[in-house]
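K.L.:
Okay, here's the structure, questions in a sec.
The values are calculated or read from the model by the stated rules, or taken from the named source; none is laboratory data. Just so it is clear, the model here is predicted, and its values are computed rather than measured. Cβ sites come from the backbone with ideal geometry, for glycine too, and all protein chains shown count toward neighbours. In case anyone asks, the SASA skips ligands and DNA or RNA and just uses the protein heavy atoms, side chains included. Shrake-Rupley method; radii C 1.70, N 1.55, O 1.52, S 1.80 Å.
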Amino acid sequence: MTDSTRPSRAGRTLFAKVWDDHVVVPETADTPAVLYVDLHLVHEVTSPQAFTVLRERGLPVRRPDRTVATMDHSTPTLPRGADGRWPFADDAAAAQVSQLERNCREFGIELHALGEAGQGIVHVVGPEMGATQPGMTVVCGDSHTATHGAFGALAFGIGTSEVGHVLATQCLLQRRPQTLAVRVDGRLGPGVSAKDLALAIIAKLGVGGGTGHVIEYLGDAVRALSMEARMTLCNLSIEAGARAGMVAPDDTTYQWLAGRAKAPTGAAWDEAVAKWRTLPGDADAAFDREVAIDASALQPMITFGTNPGQAIPIGGTVPDPVEESDPAARASLERALRYMGLQAGRPIVGTPIDVVFIGSCTNGRLEDLREAARILAGRTVAVRTLVVPGSVAVKRAAEAEGIDRIVRAAGAEWREPGCSMCIAMNGDRIEAGQTCVSTSNRNFEGRQGTGGRTLLASPLTAAAAAVTGRVADPRRLLEGQP
Amino acid sequence: MTPIRVIESRTVVLPRDNVDTDQIIPARFLKVTDKAGLGRALFADWRYGPDGAPQPGFVLNQPQAVGCTILVAGDNFGCGSSREHAPWALVDFGFQAVVSTRIADIFRSNALKNGLLPVVVDPASHARLLASPGATVRIDLESRTLTLPDGGTVSFPIDGFSRHCLMNGVDELGFLMAQDAAITTWEASR
Ligand code: SF4
């Protein structure tokens with residue numbers, strides 16, 4: 001399956017081109033490579049201890065001009081009160097946010113703070129301000145940094161120690177990962193989205209299947225995806241254990257980037273595009289592993305268990321542990337069904353639910369909200385439904401199109417931007433025993449609140465659940481059925 | 001960081017696959033600005049009931065877990081979120097090594113920077129470790145070997161650089177800072 005001996009004379013993959021272009025000191029048998037970081041994104045949760053290390057050692061931030069911060073995890077999604085204060089969940093959340101403000105001020109880092117136009121989920125605002133560009137290395141103390149790979153950047157999550165390394169040196173110590181090609185041919189059917197494709201890929205690879213690898217998404221179905229859909233796809237690479245996912249840049253990428261605040265302009269733009277056009281992998285480039293998926297065969301997907309690999313087509317039934325031959329897999333399936341309160345062998349459609357969450361760095365962009373609105377329009381939600389735009393810019397653009405009015409008219413809550421119920425750090429959470437259909441990326445035990453149960457799905461499927469109060473096939477509602 | 005050469009301890013066995021970092025330390029404990037004392041939040045939702053009382057059935061609450069520094073866990077340990085709070089919590093609780101058949105990339109990288117040794121062994125050796133909770137195991141970083149309770153020895157992979165850093169208590173930031181000239185030259189070439 002995997003082969004560590006790389007063919008010596010073959011073309012290079014997209015990954016190899018970006019990697020090679022950022023090696024400051026090559027790796028040896030004894031030492032990892034020193035890899036340069038073009039863009040470092042920072043948020044309030046994984047950075048405070050890194051700034052403490054800088055202070056303890058009297059170090060400056062080496063390249064504040066390559067560092068951009070925002071706040072998203074601990075921030076409230078309810079508006080400022082009449083007294084001008086933000087309704088933080090608790091003092092610890094408020095303290096973490098003010099610590100980030102202090103750190104950015106002290107070290108000269110650009111910060112998009114609460115209430116400002118550039119604020120939002122770090123993986124939504126980086127691309128939307130044009131900071132993420134093809135061929136870059138992008139890191140952030142957050143595993144969903146993989147999102148930025150949609151632009152043909154090598155983007156991966158790091159820990160807080162490494163956040164300190166990048167702040168101090170703009171570099172990381174890294175061993176070269178292996179490569180995994182995921183080829184998706186065919187066409188996604190109506191009502192089937194990038195989220196469904198990603199869940200199908202994770203189910204195929206398994207949650208640890210991509211460990212040690214960088215995924216490159218190839219094939220007609222990937223080329224046909226919009227930038228936002230590519231971000232959704234790359235975002236979920238980490239849920240298969242891969243550190244990064246990449247899509248080669250093309251005209252879709254350049255059109256999306258053109259005119260954004262941090263994108264080059266004029267002659268510099270032309271020069272940049274010319275360079276970006278050399279990034280796609282060579283035709284004879286070899287990968288360490290390859291898998292293929294037929295997009296035409298996919299249905300909307302939904303998870304039933306407690307990791308993102310436990311997903312089935314919406315028309316499917318909850319798997320039965322007795323059919324699982326591997327004892328460890330059987331035990332974990334049994335455990336997952338017990339936690340989720342689901343019965344083996346039953347169709348997943350019709351499962352009653354309590355809450356719907358539409359948002360997150362996976363599905364909190366404008367296209368995602370438009371998709372949800374297609375179903376919500378003219379209908380009423382049957383359960384508590386939170387719609388949380390991924391950024392201030394997404395929120396404003398959605399409001400300009402009237403999506404907020406559709407959401408409110410359906411009886412759903414239209415909130416301020418942030419991570420919200422994806423991670424339940426800001427007070428937006430579900431209660432123990434409640435089941436939530438969520439457009440986020442993790443259905444781990446307690447992820448959306450202690451004892452809460454999460455079913456991951458696309459914005460269409462989540463909206464369909466919102467209006468029916470049950471797991472439902474969104475394609476039926478798109479056809480106009482009640 | 002304290003240098004590590006040999007870790008010898010009874011094992012705590014947590015035979016679950018795909019233990020994610022949200023289980024190792026739930027997100028509500030991440031609203032901190034330092035790393036001290038996170039051991040109390042380790043596996044919080046498995047260790048404590050809704051009322052905060054310890055769950056007697058959970059392995060870390062059992063008397064034989066006291067003083068153990070080696071955790072044997074199921075496949076794909078540490079998947080999910082990149083939170084370094086996970087190894088901070090494990091180390092603060094007293095663990096020095098985690099043994100599994102597969103360890104997630106970011107968790108492994110974070111563990112190595114905090115003196116927590118990630119040890120990956122073959123499925124057969126792993127099965128023997130799972131089958132004998134509380135057995136005494138010896139991990140020798142110098143020879144990259146783990147001695148099983150029955151006296152058999154298995155070797156485990158570890159990057160030479162990470163091993164050097166762990167054995168000598170070297171922190172990677174110091175190593176990177178020493179590359180300053182190369183970084184400056186590289187930046188100037190752009
Ligand atoms: S939306 Fe969820 S997954 Fe994305 S950065 Fe926020 S907490 Fe992490």
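K.L.:
Looking at segment A:411-429, I want the residues that are within 8 Å of the ligand (Cβ to nearest atom) and have a partner that is of a type in the set (Phe, Trp, Tyr) and open to solvent by less than 20 Å² (accessible area, probe 1.4 Å) with Cβ atoms under 8 Å, at least 6 apart or on another chain. Which pairs are those?
P.N.:
As it stands, the answer is A:Ser420/A:Phe357; A:Cys422/A:Phe357, since those pairs meet every condition given.
K.L.:
Going by the structure shown, is B:Leu148 modelled with pLDDT under 95 and under 19 Å from the mean Cα position of the chain (by Cα)?
P.N.:
On the way: modelled with pLDDT under 95: yes; under 19 Å from the mean Cα position of the chain (by Cα): yes.
Yes, satisfied.
K.L.:
Then there's this: Pick out the one residue from B:Asp150, B:Asp105, B:Asp122 that is open to solvent by 60 Å² or more (accessible area, probe 1.4 Å) and under 28 Å from A:Asp30 (Cα atoms).
P.N.:
Values: B:Asp150 fails: under 28 Å from A:Asp30 (Cα atoms); B:Asp105 fails: open to solvent by 60 Å² or more (accessible area, probe 1.4 Å).
After applying the criteria, what remains is B:Asp122.
K.L.:
OK, next. Could you grab me the full set of residues in segment B:76-101 that are facing another protein chain (nearest Cβ under 10 Å) and surrounded by fewer than 23 Cβ atoms within 10 Å (Cβ to Cβ)?
P.N.:
Scanning segment B:76-101 gives a single hit, B:Thr101.
K.L.:
I've got another one for you. Kindly check whether there is at least one residue in segment A:18-36 that is within 30 Å of A:Arg447 (Cβ to Cβ) and not assigned by TED's automatic domain parsing to the domain that holds A:Ala286.
P.N.:
No, the conditions are met nowhere in segment A:18-36.
K.L.:
Away from chain A (no Cβ under 13 Å), assigned to a loop (DSSP other than H, G, I, E, B) and open to solvent by less than 20 Å² (accessible area, probe 1.4 Å) - does that describe any residue in segment B:10-23?
P.N.:
no
K.L.:
Residues of segment A:91-130 being part of a helix (DSSP H, G or I) and open to solvent by less than 10 Å² (accessible area, probe 1.4 Å), which ones?
P.N.:
Within segment A:91-130, A:Ala93, A:Gln96, A:Val97, A:Leu100, A:Asn103, A:Cys104, A:Val122, A:His123, A:Val124, A:Val125, A:Gly126, A:Pro127 meet the criteria.
K.L.:
Could you tell me whether B:Ser132 is surrounded by fewer than 23 Cβ atoms within 10 Å (Cβ to Cβ), more than 22 Å from B:Leu60 (Cβ to Cβ) and in contact (Cβ under 8 Å) with a residue 12 or more places away in the chain?
P.N.:
no
K.L.:
Which of (1) more than 15 Å from the ligand (Cβ to nearest atom); (2) open to solvent by less than 30 Å² (accessible area, probe 1.4 Å) is the odd one out, the single condition A:Gln343 does not satisfy?
P.N.:
Answer for A:Gln343: the failing condition is (2).
K.L.:
What pairs can you find where one residue is in segment A:142-155 and in a loop (DSSP other than H, G, I, E, B), the other is within 12 Å of the ligand (Cβ to nearest atom), and their Cβ atoms are less than 7 Å apart, with a gap of 6+ or different chains?
P.N.:
Listed by first residue and then by second, the contacts come to A:Asp142/A:His43; A:Asp142/A:Thr46; A:Asp142/A:Val122; A:Asp142/A:Gly157; A:Asp142/B:Ser82.
K.L.:
Pull up segment A:24-57, narrow it to residues that are part of a strand (DSSP E or B) and more than 9 Å from every other protein chain (Cβ to nearest Cβ), then point me to the one that is surrounded by the fewest Cβ atoms within 10 Å (Cβ to Cβ). Walk me through how you get there before you give the answer.
P.N.:
So the first thing to find is which residues in segment A:24-57 are part of a strand (DSSP E or B), and the list is A:24-25, A:33-36, A:39-42.
Subset that is more than 9 Å from every other protein chain (Cβ to nearest Cβ): A:33, A:35, A:39-42.
Values: A:Ala33: 19, A:Leu35: 22, A:Leu39: 23, A:His40: 26, A:Leu41: 24, A:Val42: 29.
Looking at residues that are part of a strand (DSSP E or B) and more than 9 Å from every other protein chain (Cβ to nearest Cβ), I get A:Ala33.
K.L.:
Can you name every residue in segment B:153-190 that is open to solvent by less than 30 Å² (accessible area, probe 1.4 Å), within 16 Å of the chain's Cα centre (by Cα) and farther than 30 Å from A:Arg63 by Cβ?
P.N.:
Selection gives B:Phe156, B:Ile158, B:Met167.
K.L.:
Moving on to the next point. Against the condition outside the structural domain of A:Met129 (by TED's automatic domain parsing), among the charged types (D, E, K, R) and within 16 Å of the ligand (Cβ to nearest atom), how does A:Lys204 come out, does it pass?
P.N.:
Numbers: outside the structural domain of A:Met129 (by TED's automatic domain parsing): yes; among the charged types (D, E, K, R): yes; within 16 Å of the ligand (Cβ to nearest atom): no.
No: the conditions fail for A:Lys204.
K.L.:
Also, quick follow-up: Within segment A:384-405, work out how many residues are out of contact with any Lys or Arg (no Cβ under 9 Å at 6 or more places or on another chain) and either outside any loop (DSSP other than H, G, I, E, B) or in contact (Cβ under 8 Å) with a residue 12 or more places away in the chain (or both).
P.N.:
Qualifying residue count for the region: 8.
K.L.:
Still on this model: Evaluate the following for A:Ala424: is it more than 21 Å from the chain's Cα centre (by Cα), small (Gly, Ala, Ser) and outside any helix (DSSP H, G or I)?
P.N.:
No, not satisfied.
K.L.:
Taking A:Gly378 as meeting all but one of (1) farther than 22 Å from A:Leu478 by Cβ; (2) free of Cβ contacts under 8 Å to residues at least 60 places away in the same chain, write down the number of the exception.
P.N.:
(1)
K.L.:
Return the pair list, or none, for Cβ contacts closer than 6 Å from residues in segment B:16-36 that are touching a residue at least 40 places away in the same chain (Cβ under 8 Å) and of a type in the set (Lys, Arg) to residues that are surrounded by fewer than 24 Cβ atoms within 10 Å (Cβ to Cβ) and not in a helix (DSSP H, G or I), at least 6 apart or on different chains.
P.N.:
Going by the 6 Å Cβ cut-off, the qualifying pairs are B:Arg16/B:Gly74.
K.L.:
I would also like to ask the following. From the list A:Val163, A:Val139, which residue is open to solvent by less than 10 Å² (accessible area, probe 1.4 Å), within 15 Å of B:Ser109 (Cβ to Cβ) and either without any contact (Cβ under 8 Å) to a residue 60 or more places away in the chain or in a helix (DSSP H, G or I) (or both)?
P.N.:
Exactly one of A:Val163, A:Val139 is open to solvent by less than 10 Å² (accessible area, probe 1.4 Å), within 15 Å of B:Ser109 (Cβ to Cβ) and either without any contact (Cβ under 8 Å) to a residue 60 or more places away in the chain or in a helix (DSSP H, G or I) (or both), namely A:Val163.
K.L.:
State whether the residues of segment A:58-68 include one that is within 16 Å of the ligand (Cβ to nearest atom) and open to solvent by less than 60 Å² (accessible area, probe 1.4 Å).
P.N.:
yes
K.L.:
Can you name the condition, by its number, that A:Ile430 falls short on among (1) in a loop (DSSP other than H, G, I, E, B); (2) more than 22 Å from A:Gly309 (Cβ to Cβ); (3) of a type in the set (Val, Ile, Thr)?
P.N.:
It fails just one condition, (2).
K.L.:
Residues in segment A:346-386 that are away from the ligand (no atom under 16 Å from the Cβ) and either among the hydroxyl-bearing types (Ser, Thr, Tyr) or within 14 Å of another protein chain (Cβ to nearest Cβ) (or both): how many?
P.N.:
Final tally of qualifying residues: 3.
K.L.:
Report whether or not A:Thr278 is more than 30 Å from A:Arg470 (Cα to Cα) and either modelled with pLDDT under 95 or open to solvent by 20 Å² or more (accessible area, probe 1.4 Å) (or both).
P.N.:
Details: more than 30 Å from A:Arg470 (Cα to Cα): yes; either modelled with pLDDT under 95 or open to solvent by 20 Å² or more (accessible area, probe 1.4 Å) (or both): yes.
For A:Thr278, the condition - more than 30 Å from A:Arg470 (Cα to Cα) and either modelled with pLDDT under 95 or open to solvent by 20 Å² or more (accessible area, probe 1.4 Å) (or both) - is met.
K.L.:
Also: So, in segment A:83-136, of the ones that are of a type in the set (Val, Ile, Thr) and within 15 Å of the ligand (Cβ to nearest atom), which residue ends up nearest to the other protein chains (Cβ to nearest Cβ)?
P.N.:
Among them, the one singled out is A:Val97.
K.L.:
Can you tell me which residues in segment A:225-240 are within 14 Å of chain B (Cβ to nearest Cβ) and open to solvent by less than 10 Å² (accessible area, probe 1.4 Å)?
P.N.:
Filtering segment A:225-240 down to residues within 14 Å of chain B (Cβ to nearest Cβ) leaves A:235-240.
Correct list: A:Asn235, A:Leu236, A:Ser237, A:Glu239, A:Ala240.
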